[in-house]
Amino acid sequence: MYIIVAGGGKVGYYLSQHLLAEGHEVLLIERNPERVLEINDVLGAVAIAGDAAEAGTLVAAGAPRADVVVAVTGEDEDNLVISQVAKAKFHVARTIARVNNPKNENLFRRLGVDVTVSQTNYILNLIEQAIPERSFVHLISFHEDLAIVDAKVSETSPVAHRAIAEIELPINTAITAIARGAKLIVPNPGTELLPGDDIIAVAHQDQEDELRRLLV
Amino acid sequence: MNAVIMGCGRVGARVAGLLDNTGNFVSVVDTDSRAFRRLPAGFGGETIIGTGIDEDVLRRAGIETADAFIAVTNGDNRNIMAAQVARLIFEVPEVICRIYDPVREDTYRRLGLTTVCPTTTISAIILDQVMRAVSEQGQSRGGAG
């Protein structure tokens, strides 16, 4: 695949190194010419100097034949515009943007960025999963406004000791798997939920709160 | 009319002053409090310190009840992002966005933003003046020779 990486900071640098090692064709665009020299010293001639939001730079980088553009600068506004220009002007099939302010993750998806990566949200989720008393964890967002969540059934939960068929789930939600200890259960309508079960559900983000009230 | 202006540079401060003078309510947002010194004496609107790409800052500036949002910071990308937030999230009826880069301006105009590109506008004015001056001079020189 031909992948253009915009932003030669730590994320862009290690990402390019990794992608190159996997055999992809990579071109890194970095604004600071000195940083470009540093990167090219280590990785070979993979980086060019320029502003990735400028069409001229993207043309020089061969954007029209790029499969993916990944925008990982430290500025959200730059990552958004780079992704949008790549998509609108060069019809790049897939754009991935780093989101520095976690509040912007949803906005970026609504504005047409295919995939967003928020380091802050990612680390927050990991922390939430690592805290045992957390009973309802948002695992991942996808497709604009869908979420995968992990809900732990408590002793007092309204759904404890009830079969899935008896539970009235909010609309646009589905229980997709149950983790019971080390066992993974693919649920059917007769599966009984037990206290301590981890319910993995797919839900519309608007339904998360309702689902939390129902399951926890 | 209520207007929110992001960026209190020469243009932002001037537009804010003009709107304020003509009986509108104006909030001006800038990351640098010193920028507000550019506002004319007796400016009756509000000043908010912060970045206009942050929804909370925009809310503080009253974007939820704004009739117009004007993005005139020095950063094209910042203006573009803020204008899209104003339009998409806050549904401000009139959103105007300054973009210096003519190519980017073209792209976002096609995507539906109301854009102003000083580069193309001023270049056209200058070119027009130069061409007119040259043709007038050419005539007088030609007439003399």
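Looking only at residues in segment B:73-88 that are aliphatic (A, V, I, L, M) and at the interface with chain A (Cβ under 7 Å from one of its Cβ atoms), which one is surrounded by the most Cβ atoms within 10 Å (Cβ to Cβ)? Reasoning before the result, please.
Looking only at segment B:73-88, we keep the residues that are aliphatic (A, V, I, L, M), and these are B:80-83, B:85-86, B:88.
Next, from what is left, pick out any that are at the interface with chain A (Cβ under 7 Å from one of its Cβ atoms): B:80-81, B:85, B:88.
On the way: B:I80: 31, B:M81: 28, B:V85: 25, B:L88: 13.
By that ranking, first place goes to B:I80.
In segment A:20-43, which residues are closer than 21 Å to A:V85 by Cβ, surrounded by 15 or more Cβ atoms within 10 Å (Cβ to Cβ) and away from every other protein chain (no Cβ under 14 Å)? Even if it seems obvious, please write down each step before you answer.
Narrowing segment A:20-43 to residues closer than 21 Å to A:V85 by Cβ: A:25-32, A:36.
Of the ones still in play, those that are also surrounded by 15 or more Cβ atoms within 10 Å (Cβ to Cβ) are A:25-31, A:36.
Scanning segment A:20-43 gives A:E25, A:V26, A:L27, A:L28, A:I29, A:E30, A:V36.
Take the residues in segment A:44-57 that are away from chain B (no Cβ under 14 Å) and modelled with pLDDT of 95 or more, then tell me which one is surrounded by the most Cβ atoms within 10 Å (Cβ to Cβ).
Initially, segment A:44-57 is screened for residues away from chain B (no Cβ under 14 Å), giving A:44-49.
Within this subset, residues satisfying the condition of being modelled with pLDDT of 95 or more are A:46-49.
Numbers: A:V46: 20, A:A47: 26, A:I48: 19, A:A49: 16.
By that ranking, first place goes to A:A47.
What do you reckon, is A:P195 exposed (fewer than 13 other Cβ atoms within 10 Å of the Cβ) and touching a residue at least 24 places away in the same chain (Cβ under 8 Å)?
Values: exposed (fewer than 13 other Cβ atoms within 10 Å of the Cβ): no; touching a residue at least 24 places away in the same chain (Cβ under 8 Å): yes.
The answer is no for A:P195.
Considering only residues that are assigned to a loop (DSSP other than H, G, I, E, B) and either buried (at least 17 other Cβ atoms within 10 Å of the Cβ) or at pLDDT 90 or above (or both), which ones fall in segment A:161-188? Before the answer, list the steps.
Applying the first criterion (assigned to a loop (DSSP other than H, G, I, E, B)) to segment A:161-188 yields A:161, A:167-172, A:181-182, A:186-188.
Matches in segment A:161-188: A:H161, A:L169, A:V186, A:P187, A:N188.
Quick one: what pairs do we get from segment A:94-106, first residue more than 19 Å from A:A53 (Cα to Cα), second at pLDDT below 95 and assigned to a strand (DSSP E or B), C-beta under 8 Å, 6+ apart or different chains?
As it stands, the answer is A:E105/A:T116; A:E105/A:S141; A:N106/A:S141, since those pairs meet every condition given.
Of the residues A:A45, A:A53, only one is part of a loop (DSSP other than H, G, I, E, B) and without any contact (Cβ under 8 Å) to a residue 12 or more places away in the chain; which?
Details: A:A53 fails: without any contact (Cβ under 8 Å) to a residue 12 or more places away in the chain.
Criteria check complete, one pass: A:A45.
Output the number of residues of segment A:15-30 satisfying the condition of being touching a residue at least 24 places away in the same chain (Cβ under 8 Å) and outside any strand (DSSP E or B).
Here the count works out to 4.
If I filter segment A:91-115 down to residues being of a type in the set (A, V, I, L, M) and touching an Asp or Glu at 6+ places or on another chain (Cβ under 7 Å), which single residue comes out as farthest from A:P64 (Cα to Cα)?
Taking segment A:91-115 first, the residues of a type in the set (A, V, I, L, M) are A:92-93, A:96-97, A:99, A:107, A:111, A:113, A:115.
Okay, now just the ones that are also touching an Asp or Glu at 6+ places or on another chain (Cβ under 7 Å), so A:93, A:96, A:99.
Working: A:A93: 10, A:I96: 16, A:V99: 24 Å.
Filtering first and then ranking leaves A:V99.
Determine whether segment A:116-134 contains at least one residue that is within 30 Å of A:A53 (Cβ to Cβ), modelled with pLDDT of 85 or more, out of contact with any Asp or Glu (no Cβ under 7 Å at 6 or more places or on another chain) and crowded, with 16+ Cβ neighbours inside 10 Å.
Within segment A:116-134, one or more residues are within 30 Å of A:A53 (Cβ to Cβ), modelled with pLDDT of 85 or more, out of contact with any Asp or Glu (no Cβ under 7 Å at 6 or more places or on another chain) and crowded, with 16+ Cβ neighbours inside 10 Å.
Only one of (1) in a helix (DSSP H, G or I); (2) in contact with a helix residue (DSSP H, G or I) (Cβ under 9 Å, 6 or more places away or on another chain); (3) in contact (Cβ under 8 Å) with a residue 24 or more places away in the chain; (4) within 12 Å of chain B (Cβ to nearest Cβ) is not met by A:R109, so which one is it?
Answer for A:R109: the failing condition is (2).
Yes/no matrix, rows are residues, columns are (1) without any contact (Cβ under 8 Å) to a residue 60 or more places away in the chain; (2) more than 11 Å from chain A (Cβ to nearest Cβ):
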position	(1), (2)
B:T22	yes, yes
B:V28	yes, yes
B:A41	yes, yes
B:G44	yes, yes
B:I48	yes, yes
B:T65	no, yes
B:A71	no, no
B:R98	no, yes
B:D106	yes, no
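Which of the residues spanning segment A:58-86 are more than 10 Å from chain B (Cβ to nearest Cβ), in contact with a Gly (Cβ under 9 Å, 6 or more places away or on another chain) and not in a loop (DSSP other than H, G, I, E, B)?
A:A60, A:V70, A:A71, A:S83
Taking A:L124 and the conditions (1) within 11 Å of chain B (Cβ to nearest Cβ); (2) in a helix (DSSP H, G or I); (3) touching a helix residue (DSSP H, G or I) at 6+ places or on another chain (Cβ under 8 Å), which numbered condition does it fall short on, given that it satisfies the others?
(1)
The values are calculated or read from the model by the stated rules, or taken from the named source; none is laboratory data. Since we're looking at a predicted model, the values are computed, not measured. FYI the Cβ positions are ideal-geometry reconstructions off the backbone, even for glycines, and counts take in every protein chain you see.
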